[in-house]
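Input: a single structure, listed below in structure tokens.
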Amino acid sequence: MEVVIDPSPDALARVAADAVERLLTRRPDAVLGLATGSSPLRVYDELVRRHRAGAVSFARSRAFLLDEYVGLPPDHPESYRRVIDRELVAHVDFAPGAVRGPDGNAADLASACAGYEDAIAAAGGVDLQILGIGTDGHVAFNEPGSSLGSRTRIKTLTAQTREDNARFFEGRRDDVPRHVLTQGLATIMGARHLVLLASGRAKAEAVHQLVEGPVSAMWPATVLQHHPHVTVLVDEAAASRLQLAGYYRETWADKPAWQGI
Ligand code: GLP
């Protein structure tokens, strides 16, 4: 696991955008994994900027979303599908139908989840997955207690996550749906490169557990310790509980520029 600590959120976003740009330059038909939440927004802004400058094209790539609320009308501004359209897809050149998310309005949610797993597998798996992390250590919507071997399925949100996400629903926790569809931890682990972003003191404990804690379903993100290629991009506040912060800083400072992440 590589940990990059930088006080500048823009610098961290550029590191993630560099990885996406390198991948799409090498393999224009690569498969991306997209996350919602506030953490990746600067990465998407940077990718839009680079796309407009002609540096990166998504025309031959495909993308899969991590998760979706159950039962939000598809045109609801906070449905994850709408969020990703607004923040990224509308501003770049994905082909029609190239971006998919779990269908939180399917009549048969279980078969929608199985179909989503099949679609990811049929696309050859995800090459680069962007991730955030919840204050309770969830990734996508895999709440504490999630099976480390889980696949796309329905989950119930914790009160903490609904509280955290109330800001997207005009502060009303009761408006945050209780149920979601989410890629499972094993689904996420199947992506070839995981790039996780976190900022702010509220994420410090989750980041400490993710990088340095014992692997446990109580902190679902800790399963990433079993993945061979994970990059964790954090600001000073999110890094404030890391025990080996000095070592991570030295390692990053000494890394040859050509190596990338
Ligand atoms: C949400 C999303 C996650 C996201 C996390 C953190 O619940 N389902 O994919 O990583 O919360 O969100 P934020 O980046 O806004 O702090």
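You will find that of A238, A202, A221, A206, the residue that is buried (at least 17 other Cβ atoms within 10 Å of the Cβ), touching a Ser or Thr at 6+ places or on another chain (Cβ under 7 Å) and assigned to a helix (DSSP H, G or I) is A206 and no other.
Only residues that are free of Cβ contacts under 8 Å to residues at least 60 places away in the same chain and of a type outside the set (S, T, N, Q) were counted across segment 134-170, and they come to 12. Selection within segment 165-184: residues that are assigned to a helix (DSSP H, G or I) and under 17 Å from R82 (Cβ atoms). The member of this set that is nearest to the ligand (Cβ to nearest atom) is N165. Residues in segment 1-12 that are in contact with a helix residue (DSSP H, G or I) (Cβ under 7 Å, 6 or more places away or on another chain) and under 18 Å from K255 (Cα atoms): M1, V3, V4, I5, D6.
Residues in segment 233-240: is at least one within 16 Å of the ligand (Cβ to nearest atom) and of a type in the set (V, I, T)? So far as segment 233-240 goes, yes, one or more of its residues are within 16 Å of the ligand (Cβ to nearest atom) and of a type in the set (V, I, T).
Across segment 126-136, which residue is surrounded by the most Cβ atoms within 10 Å (Cβ to Cβ) among those that are part of a loop (DSSP other than H, G, I, E, B) and within 10 Å of the ligand (Cβ to nearest atom)?
As a first pass, look at segment 126-136 and keep what is part of a loop (DSSP other than H, G, I, E, B): 126-127, 132-136.
Still in the running and within 10 Å of the ligand (Cβ to nearest atom): 132-136.
Numbers: G132: 21, I133: 27, G134: 25, T135: 16, D136: 18.
Per the criteria, the residue is I133.
Please indicate, with yes or no, whether at least one residue in segment 103-125 is open to solvent by less than 10 Å² (accessible area, probe 1.4 Å), more than 18 Å from L210 (Cα to Cα) and within 13 Å of the ligand (Cβ to nearest atom). Yes, segment 103-125 contains at least one residue that is open to solvent by less than 10 Å² (accessible area, probe 1.4 Å), more than 18 Å from L210 (Cα to Cα) and within 13 Å of the ligand (Cβ to nearest atom).
Quick one: which residue in T161, T152 is among the hydroxyl-bearing types (S, T, Y), open to solvent by less than 10 Å² (accessible area, probe 1.4 Å) and either in contact with a Gly (Cβ under 7 Å, 6 or more places away or on another chain) or within 12 Å of the ligand (Cβ to nearest atom) (or both)?
On the way: T152 fails: open to solvent by less than 10 Å² (accessible area, probe 1.4 Å).
Of the residues listed, the single one that is among the hydroxyl-bearing types (S, T, Y), open to solvent by less than 10 Å² (accessible area, probe 1.4 Å) and either in contact with a Gly (Cβ under 7 Å, 6 or more places away or on another chain) or within 12 Å of the ligand (Cβ to nearest atom) (or both) is T161.
The set of residues from segment 185-220 being within 13 Å of the ligand (Cβ to nearest atom) and under 22 Å from Y247 (Cβ atoms) comprises L194, V195, L196, L197, A198, S199, R201, K203, A204, A206, V207, L210. Every condition in (1) buried (at least 16 other Cβ atoms within 10 Å of the Cβ); (2) in contact with an Asp or Glu (Cβ under 7 Å, 6 or more places away or on another chain); (3) without any contact (Cβ under 8 Å) to a residue 40 or more places away in the chain holds for R173 except the one numbered (1). Of all residues in segment 225-234, at least one satisfies being modelled with pLDDT of 95 or more, in a helix (DSSP H, G or I) and over 23 Å from P9 (Cβ atoms).
Across segment 19-60, the number of residues qualifying as in contact with a helix residue (DSSP H, G or I) (Cβ under 9 Å, 6 or more places away or on another chain), assigned to a helix (DSSP H, G or I), open to solvent by 10 Å² or more (accessible area, probe 1.4 Å) and over 18 Å from R86 (Cα atoms) comes to 1. Considering segment 67-84 alone, what residues qualify as being surrounded by 15 or more Cβ atoms within 10 Å (Cβ to Cβ) and either in contact (Cβ under 8 Å) with a residue 12 or more places away in the chain or aromatic (F, W, Y) (or both)? Of everything in segment 67-84, those that are surrounded by 15 or more Cβ atoms within 10 Å (Cβ to Cβ) and either in contact (Cβ under 8 Å) with a residue 12 or more places away in the chain or aromatic (F, W, Y) (or both) turn out to be D67, E68, Y69, V70, L72, E78, S79, Y80, R81, V83, I84. Check segment 28-40 and report whether any residue there is closer than 21 Å to C113 by Cα and away from the ligand (no atom under 13 Å from the Cβ). Yes: segment 28-40 contains one or more residues that are closer than 21 Å to C113 by Cα and away from the ligand (no atom under 13 Å from the Cβ). Evaluation of G145 against the conditions (1) more than 15 Å from the chain's Cα centre (by Cα); (2) more than 23 Å from A239 (Cα to Cα); (3) surrounded by 18 or more Cβ atoms within 10 Å (Cβ to Cβ); (4) more than 13 Å from the ligand (Cβ to nearest atom) shows that the sole unmet condition is (3). Scanning segment 1-18 for residues that are crowded, with 20+ Cβ neighbours inside 10 Å and within 16 Å of the ligand (Cβ to nearest atom) yields L12, A13, A16.
The values are calculated or read from the model by the stated rules, or taken from the named source; none is laboratory data. Predicted, not measured: the structure shown is a model, and the values here were computed from it. For neighbour counting, all protein chains shown are included, and Cβ atoms are generated from backbone atoms with ideal geometry for every residue, glycine included. Accessible surface is based on the protein model in full, side chains and every heavy atom, while ligands, DNA and RNA are left aside. Shrake-Rupley method; radii C 1.70, N 1.55, O 1.52, S 1.80 Å.
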